[in-house]
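Okay, so here's the structure we're looking at.
Each reported figure results from applying straightforward, stated rules to the coordinates on display, with no laboratory input. As the structure is a computational prediction, the values presented were derived from the model and not from experiment. Here the Cβ is made from the backbone with ideal geometry for all residues, glycine too, and neighbour counts use every protein chain on show.
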Amino acid sequence: MGGGTEAFPDLGDHCQHDDCHQLDFLPFTCEACGKIFCLEHRTYRAHGCPSADRGSRTVAVCQICSAAVEKEEGEDDESAVSRHERSGGCDASRKRSGVECREKKEKPGVVSQLPSPPIKGY
């Protein structure tokens, strides 16, 4: 679907949401499905993106060293942790106990805040 107006035919693009088709002069391209959307339909949820989980990452937690091990596509937790253990990167001395974590949280006046992950393309 082309965008623009009669005077400026190459300016903007139409939203590809089934119920919208609004001409938008600053359209967003979804990184997951590749379709073009207006401001209102730019998020995965707003346009019901069928490819929203493309590029997602999942991890398994190693019970020996508490490391987060990234899983490969189709891999279960046990296989990922086993691969991690065989790699030589598993070190039991790095294991974090729940007590240490609670102690860090309970220290008065100390606030831990992790930065929010960036939202790509928006």
query: Restricting the first residue to region 35-53 and requiring it to be over 13 Å from C20 (Cβ atoms), which pairs with a second residue that is of a type in the set (S, T, Y) meet a Cβ separation below 7 Å and a spacing of at least six or different chains?
result: A52/Y44
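Out of G88, G34, report the one residue that is under 21 Å from the mean Cα position of the chain (by Cα) and on the phi > 0 side of the Ramachandran plot.
Details: G88 fails: under 21 Å from the mean Cα position of the chain (by Cα).
After applying the criteria, what remains is G34.
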